[in-house]
Amino acid sequence: MKNKKLLAVDIAEIAIFVALMVAGAYISIPFYPVPLTFQTVISVLAGLMLGWKKGTAAMAVYLFMGFVCFIPVFADHSLAGFAYALKPSFGYIIGFVTSAFVGGIILGDGKKPFWRYVVAAVASFFANYLIGIPYFAFIWHGLNGAETLGSALITYNLLYMPKDLVLSILAAILAWQVLPHIRRGKQKLKPDKQKTPLG
């Protein structure tokens, strides 16, 4: 029974972060110099809160929904499916999967000091941009032949980095505060070890 409860909790956690990513695609708060968007920080939180396996799974499900199932869950709601791969921003969607993986791997399991959360969050943030920026440059200039690549990289990529870095550090603080309580609650759901009689 406890194993079933744990599985149900795991599935629910993945579903929650998939839902957060979908909601994040629809939320953009006007702000200077760039609007506040939250998908990058959600992918960071997925890795920190769920661990690399479930965090990566949640981001992969989100990618699968929009890219393979043609469900309009990406930021450009008028476009879904394979055609989205031609958008310069698609690299960031791929990067969400890598971001959750990197953050979860670095943080690991068990009790960790605060600095480990920060390192994991920052590495997760960079993992997203290390895929997003080259992909953007390839589609924008290499495939479409558009000029002004330098200004486009600044406007659509680099200007967002300080905002996402700050949000990622806030995600590290949140995970550091909340995750130990979640782990303690899940520990109670684990089946008790059976004691074998001595022969």
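A single entry from 24, 51, 55, 47 fulfils the requirement of being open to solvent by less than 30 Å² (accessible area, probe 1.4 Å), free of Cβ contacts under 8 Å to residues at least 24 places away in the same chain and under 22 Å from residue 176 (Cβ atoms): 24. When we screen 102, 34 for residues that are touching a residue at least 24 places away in the same chain (Cβ under 8 Å), part of a helix (DSSP H, G or I) and open to solvent by less than 40 Å² (accessible area, probe 1.4 Å), the only hit is 102. Residues in the range 62-91 that are aromatic (Phe, Trp, Tyr) and not in a loop (DSSP other than H, G, I, E, B) were compared, and the one that is surrounded by the fewest Cβ atoms within 10 Å (Cβ to Cβ) is 82. Here residue 28 passes the criteria (1) modelled with pLDDT under 95; (2) farther than 23 Å from residue 74 by Cβ except the one numbered (2). Scanning the range 144-157 for residues that are open to solvent by 80 Å² or more (accessible area, probe 1.4 Å) and part of a helix (DSSP H, G or I) returns 154, 156. Is it the case that some residue within the range 178-189 is more than 16 Å from residue 87 (Cβ to Cβ) and among the β-branched types (Val, Ile, Thr)? Yes, because at least one residue in the range 178-189 is more than 16 Å from residue 87 (Cβ to Cβ) and among the β-branched types (Val, Ile, Thr).
With respect to the conditions (1) modelled with pLDDT under 95; (2) within 19 Å of residue 119 (Cβ to Cβ), residue 141 falls short on a single one, namely (2). What are the pairs with Cβ atoms under 7 angstrom where one residue, in the range 145-165, is more than 14 Å from residue 88 (Cβ to Cβ) and modelled with pLDDT of 90 or more and the other, located anywhere, is open to solvent by 70 Å² or more (accessible area, probe 1.4 Å) and of a type in the set (Val, Ile, Thr)? Sequence gap at least six, or different chains. Pairs found: none.
The values are calculated or read from the model by the stated rules, or taken from the named source; none is laboratory data. Being a predicted model, the structure only gives us computed values, none of them experimental. Virtual Cβ from ideal backbone geometry, glycine too; neighbours counted across all protein chains shown. Side chains are part of the model used for accessible areas, which takes the heavy atoms of the whole protein and leaves out ligands, DNA and RNA. Shrake-Rupley method; radii C 1.70, N 1.55, O 1.52, S 1.80 Å.
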